[in-house]
Amino acid sequence: MKSKSSTNLLAMTGGLLLVSAIIAIGMRFVLGEITVPPLHYLERKFTIDYDRNVFLMDSKPFRYVSGSFHYFRAVPEVWRDRLRTMRACGLNAVDTYIEWSLHNPKDGEYTFEGIADVERFIKIAEEEGLYVILRPGPYICAERDNGGLPHWLFTKYPGIKPRTSDTNYTSEVAIWYGNIMKRMQKYLYGRGGPIIMVQVENEYGSFDACDKNYLNWLRDETNKYVRSDAVLFTTDIPNDRISCGKIDDVFATTDFGLERAQEIDDVWSTLRSVQPNGPLVNSEFYPGWLTHWQEPNERRDATAVAEALRNILTYGANVNIYMFFGGTNFEFTAGANDWGFGNYTPDITSYDYDAVMDEAGDVTPKYMKVREVLQDYMIMPNLEVPEKSQKTAYGSIQLKPMGDVLSATGIEALSTKKVIAKMPMSFEELDQYSGLVLYETVLPKLEIDPTLLTVNKLHDRALIYVDGMFLGTLSRQNKIYSLPLNAGSEGAKLQILVENQGRINFNIANDTKGILGPVTLQKLNGSTIELFDWSSNSLPLESEQIQKFLDIQKKSGKCSEQQGILLNGPVVLYGELTIETDPTDTYLDTDGWGKGVAYINGFNLGRYWPLVGPQITMYVPGPILRKGVNEIVFLEYQKTSPDLRIKFSDVARLDA
Ligand SMILES: *[C@@H]1O[C@H](CO)[C@@H](O)[C@H](O)[C@H]1NC(C)=O
């Protein structure tokens, strides 16, 4: 179509818009005579061609090979470097979840700053030449606490049924989407942004509820914000439950790793059973795997990964590599799994995942092999493979035991709430995200000697003390729920210090935390008596309370006498690392210590547990360190190392 003059053009419907659109997309434009392209060129649109089994970007066939990188698993200072390394491998998109609990940690409270600045992440991705695949959940699994659902949902609605049509759940999702999806709208492809795909739910087929009304509702709720500006999709495991995850009018994709890739035709035909045509997509191709505490680190062979990737691409399929860069579960964000009935297993702090890039964001041999494959399928950017970042072995430093958590000052400084009631209160009843709850009551006269103390519904791990002396540990993970008490302790103080080791993330089933049922003692006649009148004390172990405790202890000059096995409860230790030059990444080696939480300059690095491994080192991002004095704090639950020293090294140890 040609137009003789600009006046004529302006007279056309939407003339002004058209002119600016033409300029915006860089069409040639000659004064006095404007060439107007066919209208469909002007439309920025990401769609699906179901007949040709391809995506269309602005009407042209398009394939993506993307990589998962969750912004909440790396400090924002490194986002650009990580994204550029991904692009340099040949990826043309990045895939991220949005974590509801991060942005909305308390009812009515929102945060979008620092590590929660998801908009900045999307902008940087676009600047680095990557499209964005957005997975807002709101349930995300992701090996994150509660699969990303905020704990306060369970405080506000004790009987809530997440991921169903329960109106208590859907009304809260609607409020959250009203916030987050409104922020996302301007980044949608159809509105000029990089987001081409938006996921609805997450592996819903695997969830027992199979509630189609809920899925339809969530589709409509998502669509309120997305409309035709990006493609809505679902992701489901390729098994006989895949139809439970399928939503009418939403594009279906599947996910699989090396094992299923060996029977790839079966996998595609499972996907075809719910969606006879359209592009093939593996939304989670696993180059590694997640790891639990007390189990071997999961590794996947690089050559096998590259071969499987090539195989998938030969089908013309689109792929998202999950994880391309895993990062770290800082603070208490790691989740847990329960894949067999009652087999609770918490996830480690590292999310290295044996991914294509390692936990520190460095390229690996797997990266080089994946890049070789992508060179055959993708238009490679003009980017060199980045050098590995510098790591420094800062050496060992001395820690000093500053005080006991169970001392009167310890409890006072660390406690944020104390409730006295007949029954023990759960973390959720206390509106507590993570950390510890200290339960206390007074022991009655014991009828038999010894007598078994039982905490049947324990989530997840309890250190037991009588009159301040450590008796032993109960563990949901190891299915140990009882231990013997000796008679003669009538009137003694019973303390049960319960650790939340991470809420279940896969197939979540209201994994609330704390003591969730009766605490009982054996009687002579074989029956039991229940203990009542508990005080429940919230110890969320956030940096703020740890700092308060340290300030009090420093002022009073008092410290802890405890060393070795901690018979009087957890200890807070403090040390200083002085760095002379600009800080780099390093690894905190926890070898010789027991189980606890590490903080540097008020940044919670997460849980450590070298006693069971396999993770021994904790990744320390350079940006949290500073030139000069760095404050190191350990909150050790069980056992100090013989010399009270910790070491900063330049290599990761995740396979112990
Ligand atoms: C929603 O939660 C409230 C508070 O727990 C409860 O009283 C109500 O019955 C719940 N509603 C539904 C539909 O379950």
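Rolled with a 1.4 Å probe across the full set of protein chains, the surface gives Phe324 an accessible area near 0 Å².
Normalised radius of gyration for the chain, please: alpha carbon Rg relative to 2.2 N^0.38 Å, two decimal places. Before the final figure, lay out the partial values.
Details: Rg = 27.4 Å, N = 656, 2.2 N^0.38 = 25.9 Å.
After normalising by residue count via 2.2 N^0.38 Å, the value is 1.06.
Taking the accessible area of the stretch 94-209, probe 1.4 Å, and keeping the other protein chains in place, the carbon and sulfur fraction comes to 48%. Rounded to the nearest 10 degrees, the angle from helix 365-375 to the longest Cα principal axis of the chain is 20 degrees.
Compute the signed sum of charges (Lys and Arg +1, Asp and Glu -1) over the other residues within less than 15 Å, Cβ to Cβ, of Glu631. Overall, the nearby charge balance is +2. Once you reduce the stretch 352-403 and the stretch 171-201 to the center of their Cα atoms, the two points are 30 Å from each other. When the Cα atoms of the stretch 44-374 are aligned to their principal axes, the ranges along those axes come out at 51, 47, 41 Å in descending order.
In the chain, helical runs assigned H by DSSP with n ≥ 4 each contribute -39500 (n - 2.57); averaged across all residues and rounded to the nearest 500, the mean residue ellipticity at 222 nm is -6500 deg cm²/dmol.
Across the options Asn343, Leu414, Val65, the greatest Cα extent toward the positive end of the charge dipole of the chain (unit charges at beta carbon of Lys, Arg, Asp, Glu) belongs to Val65. Think of each Lys and Arg Cβ as +1 and each Asp and Glu Cβ as -1; about the Cα centre, that makes the dipole of the stretch 107-257 roughly 360 debye. Surface exposure of the stretch 216-287, expressed per residue as accessible area with a 1.4 Å probe, stands at 38 Å².
Given the pairs Lys60/Lys246; Lys182/Lys548; Lys156/Lys479; Lys106/Lys445; Lys246/Lys595, which are separated by over 32 angstrom at their Cα positions? Could the numbers behind the result be given before it?
Details: Lys60/Lys246 27 Å; Lys182/Lys548 38 Å; Lys156/Lys479 30 Å; Lys106/Lys445 42 Å; Lys246/Lys595 42 Å.
Pairs exceeding the cut-off: Lys182/Lys548; Lys106/Lys445; Lys246/Lys595.
Rounded to the nearest 20 debye, the dipole size of the stretch 513-656 about its Cα centre is 340 debye, using +1 on the Cβ of Lys and Arg and -1 on the Cβ of Asp and Glu. For the stretch 523-591 versus the stretch 227-263, the spacing of their alpha-carbon centroids is 44 Å. By the Cβ distance rule (another cysteine Cβ under 4.7 Å), the unpaired cysteines of the chain are Cys89, Cys141, Cys559. Our coupling estimate for the stretch 571-582, obtained by passing each phi through the Karplus curve with A = 6.51, B = -1.76, C = 1.60 and θ = phi - 60°, is 10, 9, 10, 9, x, 10, 10, 9, 10, 7, 10, 4 Hz, Gly and Pro reported as x. Note on Lys224 and Arg80: with the Förster distance fixed at 30 Å, the Cβ-Cβ geometry gives a FRET efficiency of about 0.40.
Calculated on the alpha-carbon coordinates, the convex hull of the stretch 417-539 measures out at 102 cubic angstrom per residue. Rolling a 1.4 Å probe over the protein heavy atoms gives the stretch 515-646 an accessible area of 37 Å² per residue. Among the GluC sites (Glu not before Pro) found in the stretch 376-429, those both in a DSSP coil and sparsely packed, with 14 or fewer other Cβ atoms within 10 Å of their Cβ, are Glu384, Glu387. Computed with every protein chain present, the accessible area of Val385 is close to 40 Å² [probe 1.4 Å]. Centre-to-centre separation between the Cα atoms of the stretch 127-161 and those of the stretch 613-645: 29 Å. Using +1 at the Cβ of each Lys and Arg and -1 at the Cβ of each Asp and Glu in the stretch 75-194, identify which of Gly192, Ile122, His151 lies farthest towards the dipole's positive end. Of the options given, the answer is Gly192.
Projecting label points 7 angstrom from Cα along Cα→Cβ for Glu631 and Val419 puts them 3.1 nm apart.
Counting charges near Arg144 (Lys, Arg +1; Asp, Glu -1) among other residues having Cβ under 13 Å from its Cβ returns a value of -3.
The values are calculated or read from the model by the stated rules, or taken from the named source; none is laboratory data. Quantities reported herein were computed from a predicted structural model and do not represent experimental measurements. Cβ coordinates were reconstructed from backbone atoms using ideal geometry, including for glycine residues, and neighbour counts include every protein chain displayed. What goes into the accessible areas is simple: the full protein's heavy atoms, side chains included, and nothing from ligands, DNA or RNA. Shrake-Rupley method; radii C 1.70, N 1.55, O 1.52, S 1.80 Å.
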